[in-house]
Amino acid sequence: MDRIDTMTGKSILVVEDEEAIAEAVRARLASEGYRVNVVHDGPQALRAAAQERPDLVVLDLMLPGMDGLEVCREIQRTDWVPVLMLTARTEETDKVAGFAVGADDYLTKPFSLRELAARVKAILRRMERIRQTSPTEPMNRFDLMVDPARRRVVKGPDEVPLTPLEFEILLTLARSPGVVFSRDQLMDRVWGYRDYAGGRVVDSHVARIRRKLGDEAGEPRYIRTVHGVGYAFREDGL
Ligand code: CA
């Protein structure tokens with residue numbers, strides 16, 4: 001604690017079974033002023049997440065015993081905590097991104113520690129912004145009810161289980177019906193940064209939101225694609 005002046009007050013749980021990577025990640029994040037705890041498998045991760053309630057979890061996908069997807073799902077079940085997933089290959093990232101487990105972001109190995117630190121910072125900044133946004137009244141859009149304070153979406157009688165990122169995207173669009181958001185704008189607002197794969201990441205998230213809302217590809221009822229530009233929440237009737 002001799003570096004108390006640089007402490008951010010944020011705690012990060014690192015779940016990684018490869019010792020060398022775990023140590024490199026720990027050292028870098030500690031040097032950025034975070035409190036860092038490292039565990040090496042899924043069951044330890046679940047215990048640590050429940051006990052420490054970290055501000056963010058850096059989670060390796062390939063873990064012994066219990067895979068990262070399962071860990072991510074379990075962690076998100078009880079707590080809304082952002083997860084930065086580490087994957088071994090780009091194809092794996094694509095696959096993982098297709099699962100709605102609530103990971104907030106993905107990094108493909110090998111990654112630079114600088115990139116890792118930048119992602120962590122962006123996610124924590126976004127969480128801060130979300131917390132500071134004053135709660136607003138639930139919005140009714142067609143048969144959807146979007147509740148920013150409770151971070152839930154209800155369609156008719158049913159709650160729609162959205163991940164934190166999916167909720168942010170839907171909220172951003174639904175707050176301003178008819179306003180077209182480019183992929184870059186969504187990246188900025190929701191993720192807090194842009195990267196080369198930005199468009200693709202936004203598209204895959206929107207596709208998942210539509211699927212969960214039962215939005216049909218041909219004539220989406222809620223989120224409209226504006227070709228060559230981005231997305232908008234519909235303002236006209238069904
Ligand atoms: Ca591993």
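The values are calculated or read from the model by the stated rules, or taken from the named source; none is laboratory data. Just so it is clear, the structure is predicted and the values come from calculations on it, not from any experiment. Cβ atoms come from the backbone with ideal geometry, glycine included; neighbour counts cover every protein chain shown. Please note that ligands, DNA and RNA were not included when accessible areas were found on the heavy atoms of the full protein model with its side chains. Shrake-Rupley method; radii C 1.70, N 1.55, O 1.52, S 1.80 Å.
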| Does at least one position in the stretch 56-71 carry a residue that is surrounded by 14 or more Cβ atoms within 10 Å (Cβ to Cβ), away from the ligand (no atom under 16 Å from the Cβ) and farther than 26 Å from R129 by Cα? | no
| task | Write out, first by first residue and then by second, each pair whose Cβ atoms fall under 6 Å of each other, whose residues are 6+ apart or on separate chains, and whose first residue, in the stretch 46-71, is farther than 22 Å from K121 by Cβ and assigned by TED's automatic domain parsing to the domain that holds M127 while the second is more than 16 Å from the ligand (Cβ to nearest atom) and assigned to a helix (DSSP H, G or I). | result | L46/E74
| query | Would the stretch 25-43 turn up any residue that is within 16 Å of the ligand (Cβ to nearest atom), in a helix (DSSP H, G or I) and under 14 Å from V120 (Cβ atoms)? | reply | yes
| note | Residue pairs qualifying under the 6 Å Cβ cut-off, at least six apart or on distinct chains, with the first in the stretch 127-156 being open to solvent by 80 Å² or more (accessible area, probe 1.4 Å) and the second being at pLDDT below 90 and not in a strand (DSSP E or B), are P135/A149
| Residue check for E32: among the acidic types (D, E), free of Cβ contacts under 8 Å to residues at least 60 places away in the same chain and open to solvent by 40 Å² or more (accessible area, probe 1.4 Å) | no
| field | Conditions (1) in a helix (DSSP H, G or I); (2) touching a residue at least 12 places away in the same chain (Cβ under 8 Å); (3) not aliphatic (A, V, I, L, M): number failed by G178 | value | (1)
